[in-house]
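Below is one structure, written out as C-alpha coordinates; comments come after it.
The values are calculated or read from the model by the stated rules, or taken from the named source; none is laboratory data. Please read these numbers as outputs of a predicted model, since none were measured by experiment. With ideal geometry, Cβ positions are generated from the backbone for all residues, glycine too; neighbour counts draw on all protein chains shown. Protein only, heavy atoms only, side chains kept; ligands, DNA and RNA dropped before computing areas. Shrake-Rupley method; radii C 1.70, N 1.55, O 1.52, S 1.80 Å.
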Amino acid sequence: MPDTNPRRITDLDTLKAFGHPLRMKLYRALYIARTATASQLADQVDEAVSLVSYHLRKLADHGLIEQAEPQGRDGRERWWQLASQGLSFHDEDFSDAPEKAATHAAVGRMSFEQRSDLYRRYLDTQSAWDADWRRAAFSNEYLAPLTAAELVAFTSEMHQLAKKYEAAGRAAEEAGDTDGREHVALHLYGFPFRT
(Lines give C-alpha, C1' and ligand atoms only; values in the text may rest on other atoms or scores of the structure.)
Protein backbone atom coordinates (compact mmCIF):
# COMPACT_ATOMS: atom_id res chain seq x y z
CA MET A 1 0.00 0.00 0.00
CA PRO A 2 1.47 3.38 -0.98
CA ASP A 3 2.50 5.91 1.63
CA THR A 4 -0.13 8.67 1.75
CA ASN A 5 2.50 11.41 2.01
CA PRO A 6 4.80 12.68 -0.71
CA ARG A 7 8.28 11.17 -0.59
CA ARG A 8 11.08 13.68 -0.21
CA ILE A 9 13.96 12.68 -2.46
CA THR A 10 17.29 13.55 -0.85
CA ASP A 11 19.80 11.29 -2.58
CA LEU A 12 21.42 11.94 -5.93
CA ASP A 13 21.01 8.38 -7.30
CA THR A 14 17.22 8.44 -6.83
CA LEU A 15 17.01 11.94 -8.29
CA LYS A 16 18.97 10.78 -11.34
CA ALA A 17 16.77 7.69 -11.68
CA PHE A 18 13.65 9.85 -11.70
CA GLY A 19 15.21 12.50 -13.94
CA HIS A 20 14.67 10.64 -17.19
CA PRO A 21 11.95 12.09 -19.48
CA LEU A 22 10.15 8.78 -20.01
CA ARG A 23 10.30 7.87 -16.33
CA MET A 24 8.76 11.22 -15.42
CA LYS A 25 5.95 10.60 -17.92
CA LEU A 26 5.41 7.09 -16.61
CA TYR A 27 5.30 8.34 -13.02
CA ARG A 28 2.67 10.95 -13.96
CA ALA A 29 0.61 8.38 -15.89
CA LEU A 30 0.76 5.99 -12.94
CA TYR A 31 -0.23 8.77 -10.55
CA ILE A 32 -3.36 9.32 -12.61
CA ALA A 33 -4.18 5.64 -13.17
CA ARG A 34 -3.28 4.62 -9.60
CA THR A 35 -2.51 1.08 -10.83
CA ALA A 36 -1.50 -0.05 -14.29
CA THR A 37 0.48 -2.61 -16.25
CA ALA A 38 3.44 -1.86 -18.48
CA SER A 39 1.19 -2.53 -21.50
CA GLN A 40 -1.40 0.01 -20.37
CA LEU A 41 1.27 2.62 -19.66
CA ALA A 42 3.02 1.92 -22.98
CA ASP A 43 -0.22 2.80 -24.78
CA GLN A 44 -0.42 6.08 -22.87
CA VAL A 45 3.15 7.19 -23.55
CA ASP A 46 3.34 5.68 -27.06
CA GLU A 47 6.43 3.57 -26.38
CA ALA A 48 7.28 -0.13 -26.67
CA VAL A 49 6.17 -2.31 -23.77
CA SER A 50 9.72 -3.66 -23.32
CA LEU A 51 11.11 -0.12 -22.96
CA VAL A 52 8.34 0.86 -20.53
CA SER A 53 8.95 -2.31 -18.48
CA TYR A 54 12.65 -1.47 -18.24
CA HIS A 55 11.98 2.06 -16.99
CA LEU A 56 9.31 0.87 -14.54
CA ARG A 57 11.86 -1.52 -13.05
CA LYS A 58 14.33 1.36 -12.68
CA LEU A 59 11.70 3.42 -10.84
CA ALA A 60 10.98 0.40 -8.63
CA ASP A 61 14.69 -0.16 -7.93
CA HIS A 62 14.71 3.26 -6.26
CA GLY A 63 11.47 2.74 -4.36
CA LEU A 64 9.50 5.28 -6.39
CA ILE A 65 6.93 2.71 -7.52
CA GLU A 66 6.05 -0.77 -6.33
CA GLN A 67 4.13 -3.82 -7.43
CA ALA A 68 0.39 -3.60 -6.89
CA GLU A 69 -2.16 -6.33 -6.33
CA PRO A 70 -3.07 -7.99 -9.65
CA GLN A 71 -6.24 -6.47 -11.12
CA GLY A 72 -6.98 -8.94 -13.91
CA ARG A 73 -7.26 -12.65 -14.46
CA ASP A 74 -3.93 -12.92 -16.23
CA GLY A 75 -1.50 -13.76 -13.43
CA ARG A 76 1.44 -13.07 -15.73
CA GLU A 77 0.72 -9.35 -15.84
CA ARG A 78 2.64 -7.25 -13.37
CA TRP A 79 0.67 -4.35 -11.94
CA TRP A 80 2.37 -1.22 -10.63
CA GLN A 81 1.45 1.60 -8.29
CA LEU A 82 3.22 4.57 -6.76
CA ALA A 83 5.11 3.92 -3.54
CA SER A 84 3.99 7.31 -2.16
CA GLN A 85 1.50 10.03 -3.04
CA GLY A 86 3.92 12.12 -5.02
CA LEU A 87 7.51 13.24 -4.75
CA SER A 88 9.25 16.37 -3.59
CA PHE A 89 12.74 17.69 -4.24
CA HIS A 90 14.27 20.55 -2.27
CA ASP A 91 17.24 22.71 -3.19
CA GLU A 92 18.74 22.39 0.29
CA ASP A 93 19.18 18.64 -0.20
CA PHE A 94 21.30 19.09 -3.34
CA SER A 95 23.15 22.37 -2.91
CA ASP A 96 26.27 20.99 -1.16
CA ALA A 97 28.01 19.79 -4.35
CA PRO A 98 28.06 21.06 -7.96
CA GLU A 99 26.92 17.73 -9.46
CA LYS A 100 23.99 17.55 -7.06
CA ALA A 101 22.95 21.15 -7.78
CA ALA A 102 23.25 20.63 -11.55
CA THR A 103 21.18 17.44 -11.44
CA HIS A 104 18.52 19.08 -9.25
CA ALA A 105 18.30 22.01 -11.68
CA ALA A 106 18.12 19.68 -14.70
CA VAL A 107 15.30 17.62 -13.17
CA GLY A 108 13.46 20.83 -12.30
CA ARG A 109 13.79 22.11 -15.88
CA MET A 110 12.65 18.79 -17.34
CA SER A 111 9.64 18.72 -15.02
CA PHE A 112 8.77 22.28 -16.03
CA GLU A 113 9.10 21.42 -19.73
CA GLN A 114 6.78 18.43 -19.38
CA ARG A 115 4.24 20.53 -17.49
CA SER A 116 4.49 23.24 -20.15
CA ASP A 117 3.95 20.64 -22.87
CA LEU A 118 0.83 19.44 -21.07
CA TYR A 119 -0.54 22.99 -20.95
CA ARG A 120 0.40 23.63 -24.60
CA ARG A 121 -1.55 20.51 -25.59
CA TYR A 122 -4.57 21.92 -23.75
CA LEU A 123 -4.21 25.27 -25.52
CA ASP A 124 -3.91 23.53 -28.89
CA THR A 125 -7.10 21.53 -28.27
CA GLN A 126 -8.99 24.09 -26.18
CA SER A 127 -11.75 24.55 -28.74
CA ALA A 128 -12.57 20.82 -28.59
CA TRP A 129 -13.54 21.05 -24.91
CA ASP A 130 -17.11 21.98 -24.07
CA ALA A 131 -17.94 25.49 -22.89
CA ASP A 132 -18.12 24.50 -19.21
CA TRP A 133 -14.53 23.24 -19.25
CA ARG A 134 -13.30 26.25 -21.23
CA ARG A 135 -14.89 28.56 -18.62
CA ALA A 136 -13.44 26.53 -15.74
CA ALA A 137 -9.87 26.42 -17.08
CA PHE A 138 -7.63 29.24 -15.92
CA SER A 139 -4.17 30.70 -16.11
CA ASN A 140 -3.22 33.42 -13.68
CA GLU A 141 -0.11 35.17 -12.54
CA TYR A 142 0.16 36.84 -9.16
CA LEU A 143 3.10 39.08 -8.35
CA ALA A 144 3.05 39.51 -4.59
CA PRO A 145 5.63 41.16 -2.30
CA LEU A 146 6.20 38.31 0.18
CA THR A 147 8.86 37.17 2.61
CA ALA A 148 10.28 33.66 2.35
CA ALA A 149 8.23 32.66 5.42
CA GLU A 150 5.04 34.00 3.83
CA LEU A 151 5.74 32.02 0.66
CA VAL A 152 6.22 28.87 2.76
CA ALA A 153 2.85 29.49 4.46
CA PHE A 154 1.16 30.16 1.10
CA THR A 155 2.63 26.95 -0.34
CA SER A 156 1.38 24.93 2.61
CA GLU A 157 -2.15 26.31 2.28
CA MET A 158 -2.23 25.72 -1.49
CA HIS A 159 -0.96 22.16 -0.99
CA GLN A 160 -3.69 21.44 1.57
CA LEU A 161 -6.37 22.92 -0.69
CA ALA A 162 -5.22 20.93 -3.73
CA LYS A 163 -5.04 17.68 -1.72
CA LYS A 164 -8.56 18.33 -0.34
CA TYR A 165 -10.03 18.61 -3.84
CA GLU A 166 -7.96 15.71 -5.18
CA ALA A 167 -9.16 13.43 -2.33
CA ALA A 168 -12.79 14.47 -2.87
CA GLY A 169 -12.51 13.84 -6.62
CA ARG A 170 -10.94 10.42 -6.16
CA ALA A 171 -13.58 9.46 -3.57
CA ALA A 172 -16.39 10.54 -5.90
CA GLU A 173 -14.79 8.65 -8.78
CA GLU A 174 -14.46 5.49 -6.67
CA ALA A 175 -18.15 5.85 -5.71
CA GLY A 176 -19.05 5.80 -9.41
CA ASP A 177 -19.53 9.55 -9.89
CA THR A 178 -17.62 9.84 -13.17
CA ASP A 179 -20.04 11.91 -15.26
CA GLY A 180 -18.26 15.09 -16.37
CA ARG A 181 -15.14 14.24 -14.36
CA GLU A 182 -11.79 14.82 -16.08
CA HIS A 183 -8.16 14.85 -14.97
CA VAL A 184 -7.15 18.41 -14.11
CA ALA A 185 -3.55 19.64 -13.91
CA LEU A 186 -2.72 22.38 -11.42
CA HIS A 187 0.77 23.78 -11.92
CA LEU A 188 1.83 26.30 -9.33
CA TYR A 189 5.23 27.91 -9.03
CA GLY A 190 6.36 30.28 -6.35
CA PHE A 191 9.79 31.83 -6.69
CA PRO A 192 11.54 35.15 -6.09
CA PHE A 193 12.53 37.44 -8.93
CA ARG A 194 13.86 40.94 -9.41
CA THR A 195 12.89 43.35 -12.16
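Based on the Cβ-Cβ distance of residue 118 and residue 73, what FRET efficiency does E = 1/(1 + (r/R0)^6) give at R0 = 25 Å, to the nearest 0.05?
Working: r = 34 Å, r/R0 = 1.35.
After rounding to 0.05, the efficiency reads 0.15.
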When a/c reaches 1.5 or more, the comparison of a/b and b/c decides; with that in mind, is the range 37-116 rounded, prolate or oblate per its Cα gyration tensor? prolate
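In debye to the nearest 20, how big a dipole does the range 1-81 give about its Cα centre with +1 on each Lys and Arg Cβ and -1 on each Asp and Glu Cβ?
Charge dipole of the range 1-81: 120 debye, to the nearest 20.
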The chain - share of DSSP beta bridges that are antiparallel (%, nearest 5): 55 percent
Over the range 1-70, relative contact order from alpha-carbon pairs under 8 Å, at least 6 apart, %: 30 percent
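Determine the calculated [θ] at 222 nm for the chain from helices alone, applying -39500 (n - 2.57) to every DSSP H run no shorter than 4 residues and normalising by the residue count; nearest 500 deg cm²/dmol. Please report the intermediate quantities before stating the final value.
Values: 7 runs with 102 residues, N = 195.
It lands at -17000 deg cm²/dmol.
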Looks like the range 95-159, by Cα gyration tensor root eigenvalues a ≥ b ≥ c and the a/c under 1.5 rounded cutoff (else prolate when a/b is bigger than b/c, oblate otherwise), is oblate
Report, to the nearest whole %, how much of the accessible area of the chain belongs to carbon and sulfur atoms, 1.4 Å probe, protein only. 52 percent
Testing the spin-label approximation: label points 7 Å from Cα along Cα→Cβ at residue 154 and residue 177. State their distance in nm. 3.1 nm
Roughly speaking, what is the centre-to-centre gap between the range 18-82 and the range 89-145 when only Cα atoms are used, to the nearest Å? 22 Å
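Dipole of the chain, Cα-centred, from +1 at each Lys and Arg C-beta and -1 at each Asp and Glu C-beta, to the nearest 20 debye? Intermediate results must be reported in sequence, preceding the final value.
Details: 24 positive and 30 negative charges, 43 e Å.
In debye, rounded to 20, the chain gives about 200.
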Probe 1.4 Å, protein heavy atoms only - accessible area per residue of the chain in square angstrom: 70 Å²
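Can you give the relative contact order of the chain as a percent, counting alpha carbon pairs under 8 Å and 6+ residues apart? Don't skip to the end; give the middle numbers.
Numbers: 152 pairs, mean separation 45.0, N = 195.
Taking the mean separation of contacting Cα pairs over the length of the chain, I get 23 percent.
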Honestly the chain on the Cα gyration tensor test (a ≥ b ≥ c root eigenvalues; a/c under 1.5 rounded, otherwise a/b vs b/c for prolate or oblate) is just oblate
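What is the sum of charges around residue 187, taking Lys and Arg as +1, Asp and Glu as -1, for the other residues whose C-beta is under 15 Å from the C-beta of residue 187? Each step should come with its number before you reach the end.
On the way: positive: 28, 109, 115, 120, 121; negative: 113, 117, 141, 166.
Overall, the nearby charge balance is +1.
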For residue 46 the rounded accessible area (nearest 10 Å², probe 1.4 Å, non-protein molecules ignored) is 130 Å²
What distance in nm separates the simple spin-label points at residue 166 and residue 61, each placed 7 Å from Cα in the Cβ direction? 2.7 nm
Proximal lysine pairs in the chain, meaning Cα under 27 Å and 8 or more positions apart or interchain, come to 9
Please list 189, 27 in order of solvent-accessible area, largest first, computed with a 1.4 Å probe with all protein chains present. 189, 27
